Amino acid sequence: MPPPVIWLSGALVLVLAAWASVTWINAALGSETCASPVVLEVAAAPALAPALGDLAGPGAAGSCAEIRVSARDSSAYAEILANPPPGILPQVWIPESSFWLGRAQARGAFTIPETGTSIATSPVVIALTEAAAGNLGWPGRPVPWADLLGTGANLPVGIPDPAADPVGIAGLIGVQAATANRSDAGPAESLVLRRLTQYVAPRAADLYLRLPEAGGGAGTLPAFLTSEQALLRHNARGGAATSLVASYPGSTVPTLDFPYVVLPGAQKAEVAAATAFLDRLLRPDARQALQKAGFRDPDGTPPAMKDPQPSASRVSTAPINPVAMPTEDDLVQVLSRWTGVQLSARILAVIDVSGSMNERTPTGQTRLSLMMQAGQEGVGLLLDSTELGIWVFSTRMNGTLDYQVLVPTGPLANQRGRIVSALGAIKAKPDGDTGLYDTTLAAYQEARRTWMPGRINVLLIATDGRNDDDNSISRAQLLAELQKLADPRRPLPILFMGLGDGIDVNELNEIAKTVDGRVYVARQPNDIRGIFFAALSDFGCQPPSCRK
């Protein structure tokens, strides 16, 4: 049996703990003379909640208010506000980004304020392991986002789901900025977005579990999008040995702004307490406390949380002007492009192998070889669930038929290697003409017959000439048959890729428009890769709204 002194010590601890809690509440409520004590419930982003709780002590919202801070996932809480359960909801919400105010409204919480007062900020950065950063020139120079999100980048970069995390939205806008100045900006953006789809996590916090030090094996990531504050906290916990390097974006990438909003339904006394607490959070000492937790001021003043080795320049100490989220319309467009590149497609690709495809370009390569190189690269960007088939055409390829099935349409997961090999082995038919009309109709009939719901169904035809098959159907007959097969409820556009000066653009446009398709033209060899990826980027948008 424990000696009496231990029992007495335990009792003393309990008494002191009870006294401390009562003292805290009494101090928060002021005194027994407080006529109407108020409890202010604050729902805060998980990254902010601990620091906020430290600031919610006695007197933080006046002498008659008790503040209770709870960590709430912003995405889940936006849904709660749109479909509130029975009971009392918090009167104050502080998500990590104003993005969530718009999302809550879009989900049906129409009375949520559109804006709030920013109490802190944190820029979105790309975290890199020291090894990855060193390979890109650090610490001799900062690593720019263009080196990580450009078309020439080859380092895997993780991204949190943009539909569920504003850090992911910032990443998409960073991709847009990294590719904006290219002549093929749209296709280039789609190329990078397709690459990012391989490394998506539900939340930014999940990406820290894929660091090499976490033992993720083949699933490890040397770089990923996160907030500066989260990176600083990681570095502070892990020490110099596992510290990450921050790559900072340009001036167009939105910042996490932690808006403070008073929610509808708050009573007069609660609104007064909420206003008093906001005033408390904007005082210099509160800002200093948030800076020590890794946050920047609303104006972008750098955090006071120190890196384990400040001299290593892993994190910037320069002020960073906050950047607002795009408008709701712009956000819809950004998210639509992201969604588009993730959709599985069913593609029938038909490639001209007539004699003219053997024509040499100034690079010394043939038109066909340039097209096949672009095709092999493009196949590498498509999802495993995408279904792809390859036909080739000229004249009399298979008896009297102008086309030949090279690889039947099927999931890339089962035949990616076979398709890449087949593309590399395609040869032009030296004496072959261009049986464009018969092939187009046969391919469209096959694609229509095998059309699949829930996918982007596309017929892709690459050619360098006009129809010159004397035994083919006429253009009028082709157009009439395509009109019969067209079905707006089951979109199936034809995307033509015209190569060189031998094509008839008007002819291709007339055929494509019949089924709400498009024509891409490469007059020069250097344009072939660009139009191929332009066509790929078009897969992300279904007609009729996106075809022009």
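General remarks:
- Among the residues of this structure, Asp468 counts as one that is under 22 Å from Arg367 (Cβ atoms) and assigned by TED's automatic domain parsing to the domain that holds Ile390.
- Taken over the range 396-432, the criterion of being at pLDDT 95 or above and acidic (Asp, Glu) is satisfied by Asp402 alone.
- Number of positions in the range 393-405 that are free of Cβ contacts under 8 Å to residues at least 24 places away in the same chain and either touching a strand residue (DSSP E or B) at 6+ places or on another chain (Cβ under 8 Å) or assigned to a strand (DSSP E or B) (or both): 3
- In the range 364-377, the residues that are of a type outside the set (A, V, I, L, M, F, W, C) form Cβ pairs under 7 Å with partners that are surrounded by fewer than 20 Cβ atoms within 10 Å (Cβ to Cβ) and in a helix (DSSP H, G or I), at six or more places apart or across chains, as follows: Thr366/Asn358; Gln376/Val420; Gln376/Gly424.
- Scanning the range 151-163 for residues that are crowded, with 18+ Cβ neighbours inside 10 Å and of a type in the set (Gly, Ala, Ser) yields a single hit, Gly158.
- Positions within the range 248-275 being over 19 Å from Leu89 (Cα atoms), at pLDDT below 95 and not polar (S, T, N, Q), in sequence order: Gly250
- Condition check for Ala480: without any contact (Cβ under 8 Å) to a residue 24 or more places away in the chain and out of contact with any Gly (no Cβ under 6 Å at 6 or more places or on another chain): yes
- Pairs where the first residue, in the range 261-278, is farther than 16 Å from Ala56 by Cβ and part of a loop (DSSP other than H, G, I, E, B) and the second is β-branched (Val, Ile, Thr) and at pLDDT below 95, C-beta under 8 Å, 6+ apart: Leu263/Ile112; Pro264/Thr111; Pro264/Ile112
- Val323 modelled with pLDDT of 90 or more, of a type in the set (Val, Ile, Thr), part of a loop (DSSP other than H, G, I, E, B) and assigned by TED's automatic domain parsing to the domain that holds Gln176: yes
- When residues in the range 113-156 are screened for being in contact with a Gly (Cβ under 9 Å, 6 or more places away or on another chain), modelled with pLDDT under 95 and β-branched (Val, Ile, Thr), 0 of them pass.
- Among the conditions (1) at pLDDT 90 or above; (2) surrounded by fewer than 19 Cβ atoms within 10 Å (Cβ to Cβ); (3) charged (D, E, K, R); (4) in a loop (DSSP other than H, G, I, E, B), Arg314 misses just one, which is (2).
- Residue match in the range 193-205 (condition: among the aliphatic types (A, V, I, L, M), in the same structural domain as Leu155 (by TED's automatic domain parsing), more than 19 Å from Val334 (Cα to Cα) and assigned to a helix (DSSP H, G or I)): yes
- A single entry from Ala349, Ala374 fulfils the requirement of being among the hydrophobic types (A, V, I, L, M, F, W, C), within 29 Å of the chain's Cα centre (by Cα), under 25 Å from Tyr403 (Cβ atoms) and modelled with pLDDT of 90 or more: Ala349.
- Residue match in the range 184-191 (condition: in a loop (DSSP other than H, G, I, E, B) and at pLDDT below 95): yes
- Some residue of the range 44-59 being assigned to a strand (DSSP E or B) and either outside the structural domain of Leu231 (by TED's automatic domain parsing) or more than 24 Å from the chain's Cα centre (by Cα) (or both): yes
- Of the residues making up the range 341-386, those that are over 22 Å from Leu191 (Cα atoms), not in a helix (DSSP H, G or I) and not hydroxyl-bearing (Ser, Thr, Tyr) are Asp352, Val353, Glu359, Arg360, Pro362, Gly364, Gln365.
- Top-ranked residue of the range 96-111 - restricted to ones that are assigned to a loop (DSSP other than H, G, I, E, B) and touching a strand residue (DSSP E or B) at 6+ places or on another chain (Cβ under 7 Å), ranked as nearest to Ser70 (Cα to Cα): Glu96
- All told, Ile390 falls short of being of a type in the set (A, V, I, L, M, F, W, C), in the same structural domain as Pro491 (by TED's automatic domain parsing), part of a helix (DSSP H, G or I) and crowded, with 20+ Cβ neighbours inside 10 Å.
- Hey, Thr409 in contact with a Leu (Cβ under 7 Å, 6 or more places away or on another chain), assigned by TED's automatic domain parsing to the domain that holds Leu482 and either part of a strand (DSSP E or B) or among the polar types (S, T, N, Q) (or both) or not: yes
- Hey, Pro162 under 15 Å from Ser313 (Cα atoms) and in the same structural domain as Leu196 (by TED's automatic domain parsing) or not: no
- Index of the failed condition, Ser336 passing every other in (1) closer than 30 Å to His234 by Cα; (2) out of contact with any helix residue (DSSP H, G or I) (no Cβ under 9 Å at 6 or more places or on another chain); (3) small (Gly, Ala, Ser): (1)
- Annotation note: of Val125, Val143, Val92, the sole residue that is within 22 Å of Leu52 (Cα to Cα) and in contact with a strand residue (DSSP E or B) (Cβ under 6 Å, 6 or more places away or on another chain) is Val92.
- Among the residues examined, Asp184 qualifies as surrounded by fewer than 24 Cβ atoms within 10 Å (Cβ to Cβ) and touching a residue at least 40 places away in the same chain (Cβ under 8 Å).
- Leu225 vs. criteria touching a residue at least 12 places away in the same chain (Cβ under 8 Å), touching a strand residue (DSSP E or B) at 6+ places or on another chain (Cβ under 9 Å) and in a helix (DSSP H, G or I): no
The values are calculated or read from the model by the stated rules, or taken from the named source; none is laboratory data. As the structure is a computational prediction, the values presented were derived from the model and not from experiment. Counting neighbours? That spans all protein chains shown, and the Cβs are built from the backbone with ideal geometry, glycine included.
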